[in-house]
Ligand code: FAD
Ligand code: MLT
Ligand code: ZN
């Protein structure tokens, strides 16, 4: 009790220690992982964070930083030991500065992504990071995972959208790197070390983010495609046709559409013809909607002429645009509702996509007849959610037993294509050992050296990420 009180008294924010109030912070949104903690601390300021880190150093506790807790890899869930303080950034949600001339905004780590998108819009700017969890994930978590989402092909991932960081280090010091510069070669890039480090090197407390001109119009279309080869050809056509106006290019299989309809029967599918594959294409235009429509229409016209698409529907108003996007964005949730599944967040060179899917689908379904391939994702940037569900829900329980063997087939195939086994979801605990398996000794030596230099006590998010 005395220890708890000393933590409570050392900073000005909230401290949760009752098991019922801590419960939501001790499991992930899918309830795949569960842990214990000494307490959950919710600081208000960067100085509070410093005090909590120093308290943890003095008392031998480790720290698990947590944002919106929407992560996919168990990285924000503490381990079972109960010797951890979960440090929730939720109350550090102030906007420090918006600088429309520099096209930047400086915000605290606990700001919800969607709030930042809206804030940018109010200043006639675009903050383009966009993912289905945007209503609950936080910018600190987005940067700590180097989140991707649907706009990466045009604007890049979270790393590309961040110019500067403020971090509380594992020594309890503040590194003020909140620079709004697009050019800065004055030393090793500390910002890039913290981005994507999944809370294992320090705590991100604020960030300076890039803003872009707000497009005047954004339109999207669903197109039916016979093969993945056709989808990658269509991507090339769209890139040459629309250039920088192409802002999303997402892939979905017919199996995904079936699963979506089973789990979310109110989903409105806009195409009349069934096909093996579908793509969602989005174009954004800086002139007006008529311009956006003409880009999309002429792209699809050429695609029909070249026999790349067999059917297409363009959203004609905002509510249809939302419905079109919902079909893609609800995929993760629909699969979670369907029960047990095996997820893979992989990237391969786009040129190898079609062969990868064909060959790996065959290997998985030959080995496991109960596998239902739920393949969807961000084809435009080379990232697929190569997921597998059981064919019938009765198989759900025993399905987990095949996971290690399925992972081996999929990840070996990814590495054979010079791909990555974690494209945007991070390693957390889900993929940590698997990533180590495929890294060279040299790479592991460098990774450990970074961890040792920045977190010599090993107190930041132990057991997570590449060094673990
Ligand atoms: P959390 O889950 O709370 O934490 C994630 C990791 O970051 C943990 O390691 C945690 O310790 C660390 N962390 C959090 N905050 C900080 C901080 N301030 N300082 C240091 N470390 C910190 N991800 C994508 O990339 N693309 C997608 O398209 C996508 N789609 C999704 C769809 C759905 C429906 C859901 C539920 C999730 C999706 N995700 C996606 C995964 C998830 O939303 C992202 O990983 C997101 O960036 C996590 O943010 P968060 O605030 O929830 O972080
Ligand atoms: C998505 O792109 O929808 C998520 O990153 C993937 C998922 O839910 O598997
Ligand atoms: Zn994704």
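The values are calculated or read from the model by the stated rules, or taken from the named source; none is laboratory data. This one's a predicted model, so the numbers in the text were calculated from it and none came from an experiment. Virtual Cβ from ideal backbone geometry, glycine too; neighbours counted across all protein chains shown.
Taking the stretch 341-456 and the strands (runs of 3 or more DSSP E) fully enclosed by it, the elements with 2 or more residues that are more than 17 Å from the chain's Cα centre (by Cα) are at 371-378, 383-390. Of 135, 172, 140, all but one fail to be more than 12 Å from ligand 2 (Cβ to nearest atom), assigned to a loop (DSSP other than H, G, I, E, B) and closer than 21 Å to residue 73 by Cβ; the exception is 135. For the stretch 420-468, the set of residues classified as within 16 Å of ligand 2 (Cβ to nearest atom) and either surrounded by 21 or more Cβ atoms within 10 Å (Cβ to Cβ) or within 24 Å of residue 78 (Cα to Cα) (or both) consists of 421, 422, 423, 424, 425, 426, 427, 428, 430, 431, listed by residue number.
Condition check for residue 396 on (1) modelled with pLDDT under 95; (2) within 16 Å of ligand 1 (Cβ to nearest atom); (3) farther than 24 Å from residue 273 by Cβ: one failure, at (2).
Conditions (1) closer than 16 Å to residue 111 by Cα; (2) away from ligand 3 (no atom under 15 Å from the Cβ); (3) buried (at least 18 other Cβ atoms within 10 Å of the Cβ), marked per residue:
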position	(1), (2), (3)
144	yes, yes, yes
149	no, no, yes
167	yes, yes, yes
189	no, yes, no
207	yes, yes, yes
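Do we have residue 400 as in contact (Cβ under 8 Å) with a residue 12 or more places away in the chain and either surrounded by 15 or more Cβ atoms within 10 Å (Cβ to Cβ) or closer than 30 Å to residue 232 by Cβ (or both) here? In short, no.
Is it the case that some residue within the stretch 359-369 is within 16 Å of ligand 2 (Cβ to nearest atom) and touching a strand residue (DSSP E or B) at 6+ places or on another chain (Cβ under 8 Å)? Checking the stretch 359-369: not a single residue is within 16 Å of ligand 2 (Cβ to nearest atom) and touching a strand residue (DSSP E or B) at 6+ places or on another chain (Cβ under 8 Å).
A search for C-beta distances below 8 Å between a residue of the stretch 124-151 that is within 20 Å of residue 382 (Cα to Cα) and modelled with pLDDT under 95 and any residue that is away from ligand 2 (no atom under 12 Å from the Cβ) and not in a strand (DSSP E or B), counting only pairs 6+ apart in sequence or on different chains, returns nothing. Only one of the numbered conditions (1) away from ligand 3 (no atom under 16 Å from the Cβ); (2) under 21 Å from residue 378 (Cα atoms); (3) part of a helix (DSSP H, G or I) is not met by residue 312, and that is (3). Only one of the listed residues (274, 303) is at pLDDT 95 or above and under 30 Å from residue 372 (Cα atoms). That residue is 303.
Residue 114 meets each of the listed conditions (1) assigned to a helix (DSSP H, G or I); (2) farther than 20 Å from residue 43 by Cβ; (3) away from ligand 3 (no atom under 16 Å from the Cβ); (4) in contact with a strand residue (DSSP E or B) (Cβ under 8 Å, 6 or more places away or on another chain) apart from (4).
This table checks each residue for (1) away from ligand 1 (no atom under 13 Å from the Cβ); (2) in contact with a helix residue (DSSP H, G or I) (Cβ under 6 Å, 6 or more places away or on another chain); (3) within 11 Å of residue 389 (Cα to Cα).
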| position | (1), (2), (3) |
| --- | --- |
| 332 | no, no, no |
| 341 | yes, yes, yes |
| 352 | yes, no, no |
| 357 | yes, yes, no |
| 360 | yes, yes, no |
| 367 | yes, no, no |
| 370 | yes, yes, yes |
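Check the stretch 65-74 and report whether any residue there is closer than 19 Å to residue 457 by Cα and either crowded, with 16+ Cβ neighbours inside 10 Å or modelled with pLDDT under 95 (or both). There is at least one residue in the stretch 65-74 that is closer than 19 Å to residue 457 by Cα and either crowded, with 16+ Cβ neighbours inside 10 Å or modelled with pLDDT under 95 (or both).
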